[in-house]
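A.B. asks: Please find one structure pasted underneath; my questions will follow.
Every read-out reported here was derived from the displayed coordinates using simple, explicitly stated rules and does not represent laboratory data. Small disclaimer: the values here were computed from a predicted structure and weren't measured. A quick note on method: Cβ atoms are made from the backbone with ideal geometry, for glycine too, and the neighbour counts reach across all protein chains shown.
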Amino acid sequence: MTKQVRLGIIGLGGMGSYHAKYTLEGQIPGLVLTAVADIAEARLDWARENLPPDIARFATGEALME
């Protein structure tokens, strides 16, 4: 049985959105994207449009960590 590591990404700019995409594609076995955060509303809009609805979205990194 493979253990899962849950991932939360803070910042959905170029690198953050790339990390989200390859994680969702299953490129790293056992890594599961569960939450994202960004202070930019446009990036959270991108998350709503491009990420599965079960991924939690937060307006700040602090809120994600809480």
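A.B. asks: Which residues, taken from the range 1-20, are touching a residue at least 24 places away in the same chain (Cβ under 8 Å) and more than 15 Å from L64 (Cβ to Cβ)?
C.D. replies: T2, K3, Q4, V5, G13, S17
A.B. asks: Return yes or no: is T23 in contact with a strand residue (DSSP E or B) (Cβ under 6 Å, 6 or more places away or on another chain) and outside any strand (DSSP E or B)?
C.D. replies: Numbers: in contact with a strand residue (DSSP E or B) (Cβ under 6 Å, 6 or more places away or on another chain): yes; outside any strand (DSSP E or B): yes.
Yes; evaluated as a whole, the condition is true for this residue.
A.B. asks: Separate question: I need a count of the residues in the range 31-58 that are outside any helix (DSSP H, G or I) and exposed (fewer than 10 other Cβ atoms within 10 Å of the Cβ).
C.D. replies: If we filter the range 31-58 for residues that are outside any helix (DSSP H, G or I), which is where we start, we get 31-40, 51-58.
Right, trim to exposed (fewer than 10 other Cβ atoms within 10 Å of the Cβ) and you get 52-54.
So the count comes out to 3.
Condition check ((1) under 10 Å from the mean Cα position of the chain (by Cα); (2) among the hydrophobic types (A, V, I, L, M, F, W, C)) across all residues:
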{"site": "Q4", "(1), (2)": "no, no"}
{"site": "G8", "(1), (2)": "yes, no"}
{"site": "M15", "(1), (2)": "no, yes"}
{"site": "K21", "(1), (2)": "yes, no"}
{"site": "G30", "(1), (2)": "no, no"}
{"site": "A37", "(1), (2)": "yes, yes"}
{"site": "E41", "(1), (2)": "no, no"}
{"site": "E49", "(1), (2)": "no, no"}
{"site": "I55", "(1), (2)": "yes, yes"}
